[in-house]
Each structure stands twice: as structure tokens, then as C-alpha cells.
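Reading through the C-alpha cells given below for one structure.
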Amino acid sequence: MSPQDLIGGRPTRIDAFDKVTGQALYPADLRVEGMLFGRVLRSPHRHARIRRIDVAGARVLPGVIAAVCGDDIAGPGTYGLVTPDQPVLSRTGGKVRFVGDAVAAVAAESPELADAALDMIEVDYDLLPAVLGTAAALAPGAPLVHEDRSDNVLHSVHLRHGDPAAGFAGADVVVEGHYTTPFVDHAFLQPEGGMAALGADGRVTVWVATQWAAEDLRQIAHALALPAGQLREIVTATGGAFGGREDISVQIVLVLLALKTGRPVKMVYSRPESLVAGTKRHPFEMHYRTGATRAGKLTAMEIRMVANAGAYASTTLAVLNTAVTVATGSYLVPHVAVDAVAAYTNLPVTAAMRGFGSNQPNYAVEMQMSKLADLLGMDPAELRRLNLYRSGSTLHTGQVLGAGVGASRALDSAVAKGAALGLRPGSGRNQGSKRRGVGVACGFKNVGYNLGWDDFSTAVVEAYPDRATVKIGACEVGQGVTTAMAQLAASRLELPLAAIHVETVDTDRVPDSGSSSASRQTFVTGNAVLRAADEASRRLAALGPNPPGSALPIVAEVTYHAPATYAMDPATGQTQSANYSYGYGAQVVEVEVDTGTGEVRVLQAVASHDAGHAINLTQVEGQIEGGFVMSQGYSLLEEYALQDGRPKTTTLATFLMPTVLDAPSEIHAIVIEEPDPEGPYGAKGIGEMTMLPTPGAIGAAIHDATGVWLDDLPMTPERVLRALGSI
Amino acid sequence: MSVHALKLTVNGEVRTGEVGGTTTLLEFLRDGLGLTGTKDGCSEGDCGACSVILNGQAVKSCLVLAAQADGGTVLTVEGLSLPGGRLHPIQEAFVAAGAVQCGYCTPGMLMAATALLDSNPSPDRAQIRVALSGNLCRCTGYVKIVQAVEQAAAAMDRDR
């Protein structure tokens, strides 16, 4: 395979053979001699204090080997990616803070026995008033979700750029809108699961499907007060992640049970448990005022956003910060005010999900742009084109964009392809009960950790003249990072792809490459792999044509740090550099709205995304197609619904995601390559950006078809009918 | 609990076992026979990850009692490869088309697609979409999965 075919070509996935033959082992597939089965007892209450907890009854059952609660944990017993405020299990006198909070755990000889053991655990709860939404959370005198805090505000951000009052004074028109988005579950097909076993050397090994093994170990070590060296994590085949495996699920409880029993313990969530206990995308409530001239130039934006942080902190702080850095979407706005707050509630834990705080503002911004185009009588693509970011644009964070801004190319290519397919926004409304419309929207999101977090990755390349091993801690969650990294290494070592072996992520054998999140692995670990491969290649060459066996393999280890970013000024939100790279995209969507039933079908889609440079074209297309359909679900179907804080959609029959019949039969994926000067071969990130334009494009298409705006996600048939005035 | 003696043909081999009255075919395949290629995504028939071919028809094995399969013929993903270990055209097409991402829906998708191609060697895109509509995929957006089935149909047609 020539280098041209290798980078930007379509090599097949390294892990595909194992996955099509059923040989790939996911957590539920693990089984070892003497294995026990773990289960967790979860809170049925939204907010309560634990007066008494007695696990002794469970231990009485024959075949139940261990039953534990938080009182059995020697260490702090808490975890969390940013702030360790989530209890692993409940302690006497402690609290449960949402329906699904973990209370106690058991290990038994069979799954059935483990279930029976849960019924024998006695817990006396003193119910507390529950905080069931952000308005209630922020009201004066609200009950405290965390009583060690003075209020329920987890985080707030205030940004001022330019002179917003002057910006609105200079506006000929102002569009104002209020938008809401729901809780959403990642709903990866493989429910959370793992296994832990205590070795003869006293070390505990965890096998788990995760996004970041090294961080899992840090959190386990903290919660259980164990030396990090006592722990090892091996990453199994992982059935999707989408941000939902960035937080701890089974890991700490498994280690606790393995230590208590001395036997291997496996635990796999049922689907209802996955839906109830798993983290969610943040619901946002957003108020946008957008000012523009008659010619369509944006003059000002005033933005208020309130994020529902749920019961525990997780990554909410970073999600809210990210939302603020992309609050104006893909558009240059000279005068901007943003006030954002995230509030604790007695609702599910909200955390990372594909897009990480950018999906919600992007939806609101794009609805505002569509309304503005409608008000001004402008072509919606032209209005967007006029205001898109370009190299040299000053963002509302104060950052000046460098080279590699593919926003205009993405929009132009999407609109051109749409036109070739006969899809033109504003091409007129249909009569009758089945109305078709076309919408266009853009999307914008950062690559990598931001705002002062050092984003780095370490890679090791062990090279022989005819083969090499790549050791990285980048988790393969389905996105294809293993194959992409092998391609990058092969390209610099001038070896065929088949000569590159990428090691399984095992914290005893590979370095820390950071999380498989934030669309960062291609950029950050990719750069580390390229540099390590270059060093190995140089040192190999220096050995001459016949290197002595004693000099082999050449071991090159490189830690790559992405360009520095800086925290926002606490008063103004301004920063020299919020993010080191961004991804850009645009989509054109055709929908058919049934005005009798309110159902919206997506008929055709064009999705154009700037990948900087596609390392593996098939995989980049796969991200675009998959991201589009996931975001179609976010737009039209998906809501993790609660009634008074109690979950209603605890199965995949009620938490609806798109089937193949919901997805359009054609998604025209366009890969734009506007190189990032720092990216490997110019590559940026692609995983999350693919979701961003979709809700705005679908919202615009529904308006094009029917004349009504849908300002709340998901745009369900009921909401469509209400907007139409039919119910 | 009632116990049923089972005898059925799985991937061409006669297998026997004893199961409880509530044991599903999925549990029997995974726990009884150790055939973990068939996946459990929801245990109640919503996701299709557990699809296998029972007596020529794609079924969700979490919705079939093992006792109901007594005397029957079952094909799972482990039995899909051709003699000599060569991949079945549908497996080859999934690899070549990029239809595999996380891989968790893949075994069920492969079995649903195989059942379709066995009964209809030249399906059109609408028929493929209907045949796969009981199988959820969260990664791919289904585009390359549908393309893989189309490519497999073409390849199998060439081989006939």
C-alpha cells in the first residue's frame, strides 16, 4: 500500500475481523473459573437521608459471598472526573440524590442469587424535599442538593465582548427566542460492564469497556484509598461510548467486591439499569437575542443559558465552559454578552456526551439564524455565509482564529450538493397534509481539552526493520482510533499496515494517552505517534542496513502537548486562546411533515464536514453518517423522560432512537480538508462535530414545510401538532 | 422449576443440554454453549443484537425460549464463516464497506442480513431496510450497513 493509499485511503479496520466473526470479547463475554456476579442496589428515592442501612440480611443467603455499602469503604468513597462528589455507595447518615443513586452492592454465585440478595438489604430513608428542575434549584431558599455548599450553583460563567448595548443599538432587526433541550442517554448498544480479580500478588486487575483507563485507575485509587500501583486496567472490546463511558460505572464497585471476596467478580448492567444509572446529556434552557443589520450582518448577541447539572458534578464545569466558548455558533459577532449557569438538581447525573455542551447552543443559534433570514427575506445560506468565521476572525472569547477554517467550504459544498439534488432552502411550501421542506444549518466545535487544561498524549513505538508495535492508551470505542494510529505509524516507518501491531490498552503495558473524547485522539495521540515513529525511524536508519539484533527493537517514547490554551478571565470570559483547534460543518436536510399526525420524516441529507485531513476516509464518512443519525434522534425522537424526577423511559422501547427506517436512505457525506497547521497531516477532529448542524437544519426544514418554528427538542409529533395549532 | 432436555443443531453440530423453563435461547447459546458472539443489548427484543437464524428465520433469541428451539436448527455468527474459515460474503462485505464500528450490533445485523439474502438473493434497498429494521445501531447511521448488504448480494450473485 503506497503512502497515498495509507493516509486518506480506505484501509479496512484492524478489529473488523474479530467483530464480524463474533470473537471480539466485550465485558459480558468474559468468564473465568470461580467467577462471582455483582449487582448494585439503587435508590428508589430522588432525595433522602439514609437513617439506617443493613446489608447483613443479604449475607445470610447461601451463595451470597459479599454485601457491602459505603460504610465498608475505608477511603473517601467518592469519585468524579472534576470534583469527587459522587458516593460509590451510600453511608449511614449520607444521602441519595437521584433515583438510581448507588446504595449497596452484592457479589453472589449466580446473577439470580445476586438479585435475590438485593431484596434482603434493609435501608431506612428519611425523605427530603427534591429539587426537580433548574428553576427550583436556583430559587431562594431551595433545598440544597449538596449541603456542604451555600447554594445549588455548580458553576457560572459571564462573558462580555465588545459593547453589547451599542451592538443592539446598531441593529436594524432583533430576533429573540427561547429554546429548551432534553436529557438524552448515550444508549450505546453494549450496556456497562466489567470484571475485577485479585491476583496472588495482591494487585487487582479490572477489565472494562471505558474511554480512559488511566483516569479510571486514578478515581478507583482515590475512592478506595489504594496505592495506584495496586491497580491495573485492561480495556475490553467496547460497544460504543459517545461520552457515556468517560465517567466511572462499574469499576470501583468491582474492585471493592473483588477485594472483599478474593474472587473474580463480573458485573453487567441490565438495559434499565444502564438507562437509570448512566450519565446523560445536559438539558439546557437558552434565551437568545440576536441583532443584525438590514443587510444581514450580525451586530450583537445576548445569551442566557441554564444547564441542568443533575445530582453530581462530573464534567459539568467543562461542559458549561465549552458551551460558552461556542455560544455564537459558527458566526462572527462583534458584541456579545453570555451569562451561563449550571445548577445541581435531584435528577440524573449529566456529563459528557458527543458534542460536550456545543449541541445545545448550536441548535439555538441556528434557529435564530433561520428566523433572522426569514425576517429579512434573505436566503438562509447567504445570511450564514455573510457571517461565517474565517481565518483571522476574532471570536467572542477574544481568540483570533488561525489558519484552517473550513466553515465556508463546508457550507458552500453542502448547498451545492443540495442544489444538485433539487434541495433548495426556501423553495416554497407545499399544500396538503404531507409537506416537504428544506433546511440548512452550520456547526462549530472545539477539538480537545480547552481553557488551560494541558492536552497531552504519550505514545511508544517499538520498531524493528520489518515491523513495529504501537503502544498507546487511546481507547478503541468503535470510532476507529486503532486503525488510524496504525496508519499514521506505518506512514512514517514506511511499513505496510499489516506490519504494525497496536497493543490492547493495558495500564501495565501502555502509556496514558488521555481520554477517547473531545474528538481529540486523532489530533493529540496522532501527533504523539507520528513523532515517536519519526524518532524510531531516524534511530533505525542510523543503525545502517543490517542492525544488530541486540540493538532491537528501537523504543521511542514521545509525549506530545497540544498548543496551549488559557482559562477565561473570570469577569469578562476573554482569553488569548480558548481552544487550539476547531471543526466546522454544514448540513442540508429535506423533511416531510405529516400535518395530520405531526410526524417528521427525514428524506434526504447532505452533511459536509471539515476533517482537516481524513486519515481514513471510510471511518470519517462513518462518523459523519453516524453523527447525523444520532443527531436526527436528538432532534426528533430522543428524550430520557422523567415525571416528578422519576424515570419514565427505562427501556429501549420507550427511549426511542432511530432505526434504519427512520434514517434517510441516502446521507451524502462530504469530507472537506482545510488543514490544521498543527494536526497530523493537517487532521483535526471529526467525532462530535458531525452532530452539530442537524437540529437546526431539521428545525429550518420543518419551518420551510409548515411555517412553524419548533423551539424545543425533541421536535415530537405532539409538539409539531401544537405548533400547527392542531391540538 | 421445570427442567427441559434439549437437543438441537447449532452451527451444524448437534448440541444437547438441560434448561429451565424460563431460559431463553440467548442465555442457552451464551451461558450454556459459550457462544458469546451473540450479544445481549436489552434482553427484551428492542435492539436486535441477539438475532440468530432459527429454522431459516431471523429471530431475536432473547424472545425465544430455549425449550421452543428443541429439535431445531440454529445458526449464529460463529457458524457464518465458510468451511476452511473463509469469511461468508456478508462478513466480507461488512469489513470492506466499513459497516463495522463498535461491533456490538454487528452479529445481529449479520444474521438478519443473512436470513434476508437466503430468502431473497436480490433485495432492493427498501427490502434491506425493512429486513434490518429490528436491529438498532448507534454508531454507523446504517448507511454502510445497507451498502454492505447490497454488496454481499451482488457478490453472491456473481458466485452463483
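The values are calculated or read from the model by the stated rules, or taken from the named source; none is laboratory data. What you are looking at is a predicted structure, and each value in this text was computed from that prediction instead of being measured. We place every Cβ from the backbone using ideal geometry, glycine too, and count neighbours over all the protein chains shown.
Would you check if A:V153 is within 29 Å of the chain's Cα centre (by Cα) and at pLDDT 95 or above? It is true that A:V153 is within 29 Å of the chain's Cα centre (by Cα) and at pLDDT 95 or above. All of A:D72, A:D85, A:D101 fail the test of being surrounded by fewer than 21 Cβ atoms within 10 Å (Cβ to Cβ), under 30 Å from the mean Cα position of the chain (by Cα) and acidic (D, E), apart from A:D85. Restricting segment A:62-81 to residues that are more than 22 Å from A:M195 (Cβ to Cβ) and in a loop (DSSP other than H, G, I, E, B), the residue that is modelled with the lowest pLDDT is A:A74. Of all residues being hydroxyl-bearing (S, T, Y) and touching a Pro at 6+ places or on another chain (Cβ under 8 Å) in segment A:329-364, which is nearest to A:H47 (Cα to Cα)? Just the residue, please. My answer is A:T350.
Which residues, counting only those in segment B:93-119, are of a type outside the set (S, T, Y), within 7 Å of chain A (Cβ to nearest Cβ) and part of a loop (DSSP other than H, G, I, E, B)?
Across segment B:93-119, the qualifying residues are B:G98, B:V100, B:Q101, B:C102, B:G103, B:C105.
In the condition set (1) modelled with pLDDT under 95; (2) in a loop (DSSP other than H, G, I, E, B), A:D5 is compliant with all but (2).
Residue count for segment A:235-279 under the criterion of being more than 14 Å from every other protein chain (Cβ to nearest Cβ) and under 20 Å from the mean Cα position of the chain (by Cα): the result is 8. Condition check for A:D704 on (1) buried (at least 24 other Cβ atoms within 10 Å of the Cβ); (2) within 11 Å of chain B (Cβ to nearest Cβ); (3) farther than 30 Å from A:S457 by Cα: one failure, at (2).
Whenever a residue of segment A:644-671 is more than 7 Å from chain B (Cβ to nearest Cβ) and closer than 28 Å to A:L347 by Cβ, its partners that are in a strand (DSSP E or B) and of a type in the set (A, V, I, L, M, F, W, C), lying with C-beta atoms within less than 9 angstrom and at least six residues away or across chains, give the pairs A:K648/A:L642; A:T649/A:L642; A:F655/A:V184; A:P658/A:V602; A:D662/A:V602. Can you find, within segment B:2-25, the residue that is surrounded by the most Cβ atoms within 10 Å (Cβ to Cβ) among those that are touching a residue at least 60 places away in the same chain (Cβ under 8 Å) and under 26 Å from B:L82 (Cα atoms)? Filtering segment B:2-25 for residues that are touching a residue at least 60 places away in the same chain (Cβ under 8 Å) and under 26 Å from B:L82 (Cα atoms), the one surrounded by the most Cβ atoms within 10 Å (Cβ to Cβ) comes out as B:V10.
In segment B:120-145, the residue that is surrounded by the fewest Cβ atoms within 10 Å (Cβ to Cβ) out of those that are within 8 Å of another protein chain (Cβ to nearest Cβ) and among the hydroxyl-bearing types (S, T, Y) is B:S133. Taking segment B:28-57 as the range and being assigned to a strand (DSSP E or B), away from chain A (no Cβ under 14 Å) and crowded, with 16+ Cβ neighbours inside 10 Å as the test, only B:L54 passes. Screening A:G244, A:G202, A:G194 for residues that are assigned to a loop (DSSP other than H, G, I, E, B) and crowded, with 20+ Cβ neighbours inside 10 Å leaves exactly one candidate, A:G244. The helices (runs of 4 or more DSSP H) located wholly in segment A:315-404 that include 2 or more residues which are free of Cβ contacts under 8 Å to residues at least 60 places away in the same chain, in the same structural domain as A:L692 (by TED's automatic domain parsing) and within 16 Å of the chain's Cα centre (by Cα) occupy A:316-325. Scanning segment B:6-27 for residues that are among the acidic types (D, E) and part of a strand (DSSP E or B) yields B:E13, B:E18. Within segment B:71-92, being in a helix (DSSP H, G or I) and within 11 Å of chain A (Cβ to nearest Cβ) holds for B:V77, B:E78, B:G79, B:G85, B:I90, B:Q91, B:E92.
Per the conditions (1) of a type in the set (A, V, I, L, M); (2) outside any helix (DSSP H, G or I); (3) without any contact (Cβ under 8 Å) to a residue 24 or more places away in the chain, the sole criterion not satisfied by B:V146 is (2).
Restricting segment A:559-606 to residues that are among the aromatic types (F, W, Y), assigned to a strand (DSSP E or B) and more than 20 Å from A:K417 (Cβ to Cβ), the residue that is nearest to the chain's Cα centre (by Cα) is A:Y582. Residue count for segment A:513-558, restricted to those that are in a loop (DSSP other than H, G, I, E, B) and buried (at least 19 other Cβ atoms within 10 Å of the Cβ): 8. Among the residues of segment A:12-47, the ones that are within 12 Å of chain B (Cβ to nearest Cβ), more than 19 Å from A:A197 (Cβ to Cβ), crowded, with 23+ Cβ neighbours inside 10 Å and of a type outside the set (A, V, I, L, M, F, W, C) come to 3 in all.
Regarding A:T504, is this residue within 22 Å of B:Y104 (Cα to Cα), part of a helix (DSSP H, G or I) and in contact with a strand residue (DSSP E or B) (Cβ under 7 Å, 6 or more places away or on another chain)? No; evaluated as a whole, the condition is false for this residue.
Being surrounded by fewer than 24 Cβ atoms within 10 Å (Cβ to Cβ), touching a residue at least 40 places away in the same chain (Cβ under 8 Å), in a helix (DSSP H, G or I) and facing chain B (nearest Cβ under 9 Å) is a property that holds for A:T618. Please list, ordered by first then second residue, the pairs with beta carbon atoms under 7 Å, 6 or more apart or interchain, first in segment A:25-45 and in the same structural domain as A:P264 (by TED's automatic domain parsing) and aliphatic (A, V, I, L, M), second part of a helix (DSSP H, G or I) and crowded, with 18+ Cβ neighbours inside 10 Å. As it stands, the answer is A:L36/A:T261; A:V40/A:V253; A:L41/A:L118, since those pairs meet every condition given.
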